[in-house]
1. Taking region 321-360 only, how many residues are assigned to a helix (DSSP H, G or I) and among the aromatic types (Phe, Trp, Tyr)?
2. I want to confirm something. Restricting to region 208-225 and keeping residues that are of a type in the set (A, V, I, L, M) and at pLDDT 95 or above, which single residue is nearest to ALA79 (Cα to Cα)?
3. Report every pair of residues separated by at least 6 positions or lying on different chains whose Cβ atoms are under 7 Å apart, first residue within region 343-367 and under 14 Å from HIS28 (Cβ atoms) and of a type in the set (Val, Ile, Thr), second assigned to a loop (DSSP other than H, G, I, E, B) and at pLDDT below 95.
4. In region 229-259, what residues are assigned to a helix (DSSP H, G or I) and in contact (Cβ under 8 Å) with a residue 60 or more places away in the chain?
5. When the residues of region 328-367 are narrowed to those that are β-branched (Val, Ile, Thr) and within 20 Å of PHE107 (Cβ to Cβ), which ends up surrounded by the most Cβ atoms within 10 Å (Cβ to Cβ)?
6. LEU153: under 20 Å from the mean Cα position of the chain (by Cα) and touching a residue at least 40 places away in the same chain (Cβ under 8 Å), yes or no?
7. Given (1) over 22 Å from ILE23 (Cα atoms); (2) in a helix (DSSP H, G or I); (3) under 24 Å from the mean Cα position of the chain (by Cα), where does LEU262 come up short, assuming only one miss?
8. So which residues in region 79-103 are farther than 30 Å from TYR114 by Cβ, small (Gly, Ala, Ser) and crowded, with 17+ Cβ neighbours inside 10 Å?
Amino acid sequence: MTTPLKKNRIQSIDLLRGIIMVIMALDHSRDFFHAQANLDDPLNLATTTPFLYFTRWITHLCAPIFVFLSGTSAWLQSARKTKKELSRFLITRGLWLIAVDLIVITFGTTNNIYFSVFVIQVLWAIGISMAILGCMIWLPFYAILITGLVIVLGHNAIDFAELHHDGNYPLWWMLLHKQGAYPLWEGHSLFIFYPFLPWAGLMMLGYCCGKIFTVYTPERRSRILLSTGFGLLIFFALLRSTNAYGDPLHWSEQKNGLFTFLSFMNVQKYPPSLLYMCATIGIALIFLGLVKQANSRLAKIFIVYGRVPMFYYIIHFYLLSLINTVLFLSRGHSFADGLKGVEGLPWRFIIPGEGYSLGIAYLIWISVVVALYPICKQYDRYKSSHPEKKWLSYI
């Protein structure tokens with residue numbers, strides 16, 4: 001028989017969240033500065049290198065782990081909020097995240113002052129999933145768990161319908177499960193990077209996973225997390241080997257064993273396939289099961305980023321965008337050239353084929369992460385010392 005444990009902040013969660021926030025900035029640095037970023041897919045086995053492939057694949061961990069941990073954090077908040085308070089917080093914060101993604105992040109990533117393209121990315125997916133979870137927490141625990149499992153395990157059945165679909169998709173379908181651009185009004189469109197259905201299911205499972213952190217002892221919790229994590233990776237390997245279900249991208253034998261392995265691991269993110277979620281969340285659960293303490297100096301640095309993820313997320317985009325604009329102008333282009341952009345590309349101040357080596361992108365990534373550390377630390381201190389300011393929980 002288990003009994004609820006005394007509430008303590010779980011540092012392993014903050015540590016994992018901080019690590020993925022740092023890794024996330026690597027992908028965005030590559031998008032902004034690598035010369036090949038807007039010319040080819042780094043996961044294209046015909047043109048990629050193992051290092052470029054790894055640079056992109058490692059960042060696959062970020063979005064699913066963050067969404068999953070957002071659900072887990074919602075469960076942990078239930079220890080200090082009533083169900084009504086938690087429901088209201090999840091719904092209002094979810095709607096706030098959608099607004100931030102549509103306006104603040106769209107501008108921060110596109111530099112398009114005309115907002116001719118609205119881009120909805122991970123904050124949109126988190127926001128709509130959070131709002132849905134805010135409604136669902138009134139249901140019994142197992143109803144949420146079963147709903148999450150049905151979505152995560154079953155949503156790839158939609159792939160078969162999309163495979164035989166002709167013509168355009170309605171907006172509701174694209175928001176649910178199909179990445180792409182949708183025309184709004186003349187000269188404006190909505191680009192849906194993150195169809196939300198699988199993400200909503202994943203957040204529900206993260207919420208249910210939170211129970212493991214509040215009910216079981218650390219030793220028992222570690223065993224559950226490790227066995228579940230390794231179980232997900234084994235399930236991934238077995239189902240992936242069949243090429244039958246779980247991901248629309250089939251793997252195939254390549255020119256050598258390494259590239260065959262890269263093909264095997266090349267799973268779909270937009271929307272996240274069942275196998276994509278198994279591989280990434282499996283790794284996350286193993287990490288949480290293995291980490292007993294987070295007291296090292298390096299761990300404490302990562303924890304700072306993990307405690308203020310929203311603040312860090314917004315600031316890092318604007319800093320990367322500012323650096324990109326300065327470098328764009330330094331290459332001899334005018335400000336007007338940057339605002340004009342390239343036809344078919346939503347991002348301004350970027351010309352496909354221009355940019356720098358992958359090594360330079362890494363250098364900028366490290367510099368940005370280091371530069372943001374004191375700012376994030378100061379904000380974390382301010383946020384922690386002013387619990388009465390409820391609006392801080394939204395940023």
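The values are calculated or read from the model by the stated rules, or taken from the named source; none is laboratory data. From a predicted model like this one, the values you see are computed outputs, not experimental measurements. FYI the Cβ positions are ideal-geometry reconstructions off the backbone, even for glycines, and counts take in every protein chain you see.
1. Residues of region 321-360 that are assigned to a helix (DSSP H, G or I), as a first pass: 321-330, 335-340, 358-360.
With the extra rule that they be among the aromatic types (Phe, Trp, Tyr), the set shrinks to 328, 335.
Number of matching residues: 2.
2. If we take residues in region 208-225 being of a type in the set (A, V, I, L, M) and at pLDDT 95 or above, then ILE212 is nearest to ALA79 (Cα to Cα).
3. ILE350/ASN38
4. First pass over region 229-259, keeping only residues assigned to a helix (DSSP H, G or I): 229-242, 257-259.
Hits for region 229-259 are GLY229, LEU258, PHE259.
5. From region 328-367, those β-branched (Val, Ile, Thr) are 342, 350-351, 360, 364, 366; that's our starting set.
In the following step, the residues that additionally are within 20 Å of PHE107 (Cβ to Cβ) were identified as 342, 350-351.
Values: VAL342: 13, ILE350: 22, ILE351: 17.
Among those that are β-branched (Val, Ile, Thr) and within 20 Å of PHE107 (Cβ to Cβ), it is ILE350.
6. Numbers: under 20 Å from the mean Cα position of the chain (by Cα): yes; touching a residue at least 40 places away in the same chain (Cβ under 8 Å): yes.
Taking the combined requirement at face value, the residue satisfies it.
7. Unmet condition: (1).
8. Of all residues in region 79-103, those farther than 30 Å from TYR114 by Cβ come to 79-91.
Right, trim to small (Gly, Ala, Ser) and you get 79, 87.
Residue satisfying the conditions is SER87 alone.
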